[in-house]
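Below you'll find the structure, written out as structure tokens, and then a few comments.
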Amino acid sequence: MLENTSNQFKLLSKRSKDEKNPFSNGMYSFVMYMIDYYSRVRKQLKLDYDSFIIVQVVLSHNLYKINKQNNRNTTYNNLNTYWDMMLNKYDEKTNSKFAFSKLVPISISNIKNKLTISSVCLITNLPKETVRRKIIALDKKGILKNDKKIGVTVGEGYKKIFANFVPSTVWETSKLISEWEKQGIIKNLLDFHEKKK
């Protein structure tokens, strides 16, 4: 890991010798984007950052399943419908027409691959007790759901995050990319990536 970081640093230093490479402008835009993101997590969602990252890990697991099921062709509106179907219509007892199992079949392999508290710990490097405590709190808020059969998944309260936080994040990200495009930073990043290969 350190060797890889050292190589990246050398490559970045070499690229930065070019006076036309506006690294500080790009870094400033990115830092401001990150500060705004962190601030919105606390202000809009009323979550500490560790809890938010746990939600993102759970979300990534759900998105992975949805993408796998739909060959990654899910639009924003389709995804909104999926949350509704997954959150509102899931009835384990009746296995209703719009059950989550219809979206992502709950087979033996899926149950084996369910997201657990231990899995979240491995991904986030947070202590198990911290993750357990925060998942319980997020479950109480309805943002996550911790179910013995299907594991940790998004809860009813996630719809509010999807409706409010996701569009503003997409907007802020598009502003950052637009700014980078104007400054020529996108090209520099792509060049950097190609040379890193």
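Of note:
- Karplus 3J(HN,Hα) series, Hz, for region 132-142 with 6.51 cos²θ - 1.76 cosθ + 1.60 (x for Gly, Pro): 4, 4, 6, 5, 4, 5, 5, 5, 4, 6, x
- Taking each residue as 0.36 nm, the span from D147 to S39 lengthens on full extension beyond its C-alpha to C-alpha distance by 35.8 nm.
- Amide H within-cut-off set for L144, under 5 Å, with H built and near neighbours excluded: D139, G155
- Taking Cβ atoms as reference points and 11 Å as the exclusive limit, the residues near E181 contribute a net charge of +2, counting Lys and Arg as +1 and Asp and Glu as -1.
- Rough spin-label spacing in nm, given labels placed 7 Å along Cα→Cβ, for T173 and R133: 3.1
- Two-site label geometry, Q69 and F162: point separation in nm, points 7 Å out along Cα→Cβ: 1.1
- Farthest toward the positive end of the dipole of region 110-197, out of W180, F162, T116, is the Cα of T116, where the dipole comes from beta carbon charges about the Cα centre.
- For the pair M32 and K114, label points projected 7 Å from Cα toward Cβ lie 4.6 nm apart.
- In order through region 179-188: 3J(HN,Hα) via Karplus (6.51 cos²θ - 1.76 cosθ + 1.60), integer Hz, x for Gly, Pro: 4, 5, 5, 4, 7, x, 6, 4, 4, 4
- For the pair K187 and Y49 in one chain, pulling the backbone fully straight at 0.36 nm per residue adds 46.5 nm over the alpha carbon distance.
- The string of couplings for region 117-128 from the Karplus curve (6.51, -1.76, 1.60, θ = phi - 60°) is 4, 4, 4, 4, 4, 4, 6, 8, 6, 8, x, 4 Hz, one whole number per residue in order, with x for Gly and Pro.
- Entries in K128/K160; K65/K114; K65/K175; K46/K114; K43/K128 that, when Cα-Cα distance is taken, lie over 18 Å: K128/K160; K65/K175; K46/K114; K43/K128
Laboratory data are not the source of any read-out in this text; all were calculated from the coordinates shown. This structure is a prediction, so every number in the text was calculated from the model and none was measured. All Cβ positions, glycine included, derive from the backbone under ideal geometry; neighbour counts span all protein chains shown.
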